Amino acid sequence: MSQLFSPFSIKKITFKNRIVISPMCQYSAIDGFATNWHLVHLGSRASGGAGLIIQEATSVLPEGRISPEDLGLWKEEQIEKLKEITTFIRSQNCVPGIQLAHAGRKASHAAPWAGHLQLDSSQGGWKTVAPSAIAFTQNETEPSALDKDQIQHIVQAFKSATKRALLAGYEVLEIHAAHGYLIHEFLSPLSNLRTDEYGGSFENRIRFTLETIAAVQSEWPSDLPLFVRISATDWAEGGWSIEESVQLSQILKDKGVDLIDVSTGGAVSHQKIPVAPMYQVSFAEKIKKETGILVSAVGLITEAKQAEDILTNHQADLVMFARASLRNPNLPQQFAQELQDDLAWPKQYERAQLK
Ligand SMILES: Cc1cc2nc3c(=O)[nH]c(=O)nc-3n(C[C@H](O)[C@H](O)[C@H](O)COP(=O)(O)O)c2cc1C
């Protein structure tokens, strides 16, 4: 059996294979509520054979949404539809995961197909918040710098959303600390110019991350997996670095985080990313080797052999797919055929199997 199709367990959860559908915003929610689009999008990737699906960045507060059409979990009523989705995902022998997020200064933008520009209040947007009052680009309005009460309010919102995520039936929770959103904004010295205990030294810049994780852990059962997605580098001079990522990952491991989902970039608009197949894998490998924590690799991994090599070379423990799985929701089934492995198909589709 290939590594890719061997089961993998973290705490009490077993994934039937190592293929993870990476979180992907669908810009299809209404007032934070999931719709049938989410059910069909996530459901078809579950029936397509993935071991774990991590639902898109789901905001803990309305003002933490990237766009007005982002999913949210800031009120009880939002749980019901998500429960329908997790129930379906589980019926396909796939594990439902959720990514909790706050977009910080990158909130209040139009969906990609509507131009992805910052929205003002007349367009359904809102005033954004961040560690420091620095806009992401020159064309955007400055966010307001969070005061300490507001920071604590957001930490509590992560805690409450975690409670709701559990009620909705998710079995893996991922905290979004990457891509230039709020938590990453605190981590990066390029977006965090604070002079209080939340800025300056490494210990101060990671404080908000640690407080958020502690709040999440106070609600999330200790026998369910907790992931944190980080950007391992800002790809910009003077930014958050791989060395700091290793240091943070060690601390998170000691605090009981199970897996670091290793992405990169997103902090600043002048980043220079050397995009190429598997370009982020070496960061996952370094974090795994230097700390011993479980890691997932993501980013331009598109072929079964690439994923299998990543696992057999011990560069990562799970492999995530985003755009390749949008192109083909049955990607795991295709990969299983290529690696000559067995992967159960939904019985409704068995007659289509090429023997
Ligand atoms: C449509 C789309 C939406 C995305 N939304 C999210 C998101 O909600 N949270 C996140 O951490 N990353 C998000 N990403 C990034 C992906 O999870 C993934 O890290 C990235 O696309 C690289 O993987 P790939 O080369 O397999 O596409 C998104 C990517 C795409 C294409």
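Does Glu69 meet the test of being within 13 Å of the ligand (Cβ to nearest atom), on the phi < 0 side of the Ramachandran plot and at pLDDT 95 or above? Spell out how you get there, then give the answer.
Working: within 13 Å of the ligand (Cβ to nearest atom): yes; on the phi < 0 side of the Ramachandran plot: yes; at pLDDT 95 or above: yes.
Here the answer is yes, as Glu69 does meet what is asked.
Regarding region 288-295, can at least one residue be identified that is open to solvent by less than 60 Å² (accessible area, probe 1.4 Å) and among the acidic types (Asp, Glu)?
No, there is no match, as no residue in region 288-295 is open to solvent by less than 60 Å² (accessible area, probe 1.4 Å) and among the acidic types (Asp, Glu).
Looking at region 280-291, is at least one residue at pLDDT 95 or above and assigned to a loop (DSSP other than H, G, I, E, B)?
For region 280-291, residues at pLDDT 95 or above and assigned to a loop (DSSP other than H, G, I, E, B): present.
Select from region 298-355 the residues that are more than 11 Å from the ligand (Cβ to nearest atom) and among the basic types (Lys, Arg) and write down the one among them that is least open to solvent (accessible area, probe 1.4 Å).
In this case the residue turns out to be Lys305.
Do any helices (runs of 4 or more DSSP H) entirely within region 126-223 hold 3 or more residues that are among the polar types (S, T, N, Q) and open to solvent by 40 Å² or more (accessible area, probe 1.4 Å), and if so, which?
Fully inside region 126-223 and qualifying: 148-167.
List the pairs whose first member sits in region 181-198 and is touching a residue at least 24 places away in the same chain (Cβ under 8 Å), whose second member is among the charged types (D, E, K, R) and outside any helix (DSSP H, G or I), and whose Cβ atoms are under 8 Å apart, counting only residues at least 6 apart or on separate chains?
Ser188/Asp234; Leu190/Asp234
The values are calculated or read from the model by the stated rules, or taken from the named source; none is laboratory data. No experiment lies behind these values; they were computed from the predicted model shown. Every residue, glycine among them, receives a Cβ derived from its backbone with ideal geometry; neighbour counts consider all protein chains shown. SASA here: full protein model, heavy atoms, side chains in, ligands and nucleic acids out. Shrake-Rupley method; radii C 1.70, N 1.55, O 1.52, S 1.80 Å.
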